[in-house]
Amino acid sequence: MFSPDEPNSVAEQHGWPAPAGAAPVGIEPPTHPVQRGRTTRRRSGLAAIAVLTIAAGTVGGAIAGRSADPVTPSTTTASGINTTSASSNAPPDRQDVSALISKALPGVVSISVELNGAHAAGTGFVISSDGQIATNAHVVADATKISVKFADGSTAAAKVLGVDRTDDLAVVKVDKAGLTALPLGKSSDLKIGEPVVAIGNALDLTGGPTATEGIVSALDRTIDTADGEHLTHLVQTDAAINPGNSGGPLLTLDGEVVGINSAGSQDAQNIGFAIAIDTARPIVEQLQQGKTIAKAYLGVSTTTIDPTVAARNGLGIDHGLLIVDVAGDSAASAAGLQPGDVIVSINGQATDDNSVLGDVIRTTGAGKVVHLKVFRKGTTIDVDATLSTHAA
């Protein structure tokens with residue numbers, strides 16, 4: 001995740017909003033901003049609604065991060081990827097963690113990028129010995145220059161092979177062979193309470209990557225980012241995910257990658273999110289082949305309305321999805337959707353949670369029209385939005 005530190009931060013250069021001083025009329029500001037890993041973008045929101053940011057770095061060695069918005073629970077091998085499983089029957093202890101970190105560090109890289117003259121930083125990890133590296137899309141997608149630093153201190157220029165902004169995944173390539181690829185595990189095997197370790201370029205500090213230890217706090221989480229992306233099946237952890245960690249690995253004590261770190265909470269304590277490796281793996285395999293993936297995109301950040309949210313914000317409606325933010329240059333913006341609107345249904349399906357909205361958008365497809373019932377200021381209106389794409 002990234003966090004801005006000065007007015008010319010990456011976030012502001014991209015038009016991402018500064019921390020909101022005032023929320024839309026009738027909507028109280030969020031109480032729990034959350035951050036992802038390159039430059040922090042914070043949005044106006046609602047009472048008792050968490051807002052996320054993303055992890056990486058800005059000019060002067062600070063870390064950049066983009067903000068992911070309300071957090072809502074949801075239930076719902078390519079050639080060259082090292083998927084060898086490590087196993088151990090011994091109970092974990094501090095020595096195991098130390099050995100794990102030493103073994104994994106050669107496969108973790110610090111990523112520095114230039115974005116419109118600004119500097120930002122994130123993390124990646126090696127997925128093939130011939131130089132392919134996985135990271136987050138928000139770390140590298142808009143970069144004009146990418147440099148990768150390895151654990152031995154060597155550096156190499158990198159180029160983007162493929163990007164999937166919707167799922168916040170990317171693969172870059174360096175001209176270097178004989179690298180240490182980290183083995184991929186199965187996030188479906190994770191259990192709440194299981195120990196995990198996050199490694200990444202936290203705060204873009206000198207001296208190499210930072211390691212943090214924690215547990216799996218929850219599974220199958222869903223968040224909406226400030227760009228209107230809808231990330232699902234996330235792993236929640238209390239291992240510290242700080243600005244600069246974006247794109248780095250979340251590891252089991254067996255040394256297997258089970259998540260790609262993406263978001264963490266600033267105001268809440270010990271809440272971080274990683275893209276589950278079972279979700280990421282098939283997408284990364286396509287990106288390795290040079291495919292840039294464009295998916296249908298509406299461009300709203302929403303949160304499910306419950307009685308508490310409805311009462312605190314005087315919504316006049318007790319169901320649906322409250323729009324917390326609308327991304328610029330998006331289908332939602334073009335259709336006139338606004339923060340404070342409540343999406344009651346999409347294509348005739350009641351929007352009782354974020355997963356319904358995301359599923360209908362994906363199945364409808366880019367270039368197609370979705371029909372929305374929207375509650376606005378006491379009146380239900382019809383809104384048609386032509387889905388766009390969020391491609392590189």
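The values are calculated or read from the model by the stated rules, or taken from the named source; none is laboratory data. Everything numeric here is computed off the predicted structure, so don't read it as measured data. Every residue, glycine among them, receives a Cβ derived from its backbone with ideal geometry; neighbour counts consider all protein chains shown. Remember, those area values only see protein heavy atoms, side chains included, never the ligands or the DNA or RNA. Shrake-Rupley method; radii C 1.70, N 1.55, O 1.52, S 1.80 Å.
Answer with one residue from Val171, Ser154, Val284: the one whose Cα lies farthest towards the positive end of the charge dipole of segment 145-290, charges on Cβ with Lys, Arg +1 and Asp, Glu -1.
Ser154
Might you tell me the accessible area per residue for segment 105-249, computed with a 1.4 Å probe and given in Å²?
On a per-residue basis, 32 Å².
Got a sec to turn the phi values of segment 143-158 into Karplus ³J(HN,Hα) couplings, 6.51 cos²θ - 1.76 cosθ + 1.60 with θ = phi - 60°, whole Hz, x for Gly and Pro?
Residue by residue, segment 143-158 yields 6, 8, 8, 10, 10, 10, 10, 9, 4, 7, x, 6, 10, 8, 6, 10 Hz.
When the accessible area of segment 112-198 is split by element with a 1.4 Å probe, what percent falls to carbon and sulfur?
Summing carbon and sulfur atoms, their accessible area is 47 percent of the total for segment 112-198.
So what are the ³J(HN,Hα) numbers for segment 314-323, from phi and the Karplus equation (6.51, -1.76, 1.60; θ = phi - 60°), rounded to whole Hz, Gly and Pro as x?
Here the 3J(HN,Hα) series is x, 6, x, 8, 10, 8, x, 10, 7, 7 Hz.
Using only alpha carbons, build the gyration tensor for segment 88-214 and give me the equivalent ellipsoid semi-axes, biggest first, whole Å.
Taking √(5λ) for each eigenvalue gives 26, 16, 15 Å, largest first.
Determine the dipole magnitude for segment 187-307: charges of +1 sit on the beta-carbon of Lys and Arg, -1 on that of Asp and Glu, nothing else is charged, the reference point is the Cα centre, and the result goes in debye to the nearest 20.
280
Using Cα-only point scatterers and the Debye equation, what is log10 of I(q)/I(0) for segment 226-315 at each q in 0.14, 0.19, 0.22 Å⁻¹, rounded to two decimals?
Computed log10 I(q)/I(0) values: -0.68, -1.05, -1.21.
Can you compute 3J(HN,Hα) from phi for each residue in segment 116-130, using the Karplus curve 6.51 cos²θ - 1.76 cosθ + 1.60 with θ = phi - 60°, rounded to whole Hz and x for Gly and Pro?
Working through the residues one at a time gives 6, x, 9, 9, 9, 9, x, 9, x, 9, 6, 10, 8, 5, 8 Hz.
Which of the lysines could a cross-linker bridge to Lys149, judged by Cα under 24 Å and excluding same-chain residues fewer than eight apart?
Candidates past the 8-residue exclusion: Lys103, Lys159, Lys173, Lys176.
Given a cut-off of 24 Å, what percent of all Cα-Cα pairs of segment 259-392 lie beyond it? Spell out each step's value before the answer.
Values: 3471 of 8911 pairs.
Here the tail beyond 24 Å accounts for 39 percent of pairs.
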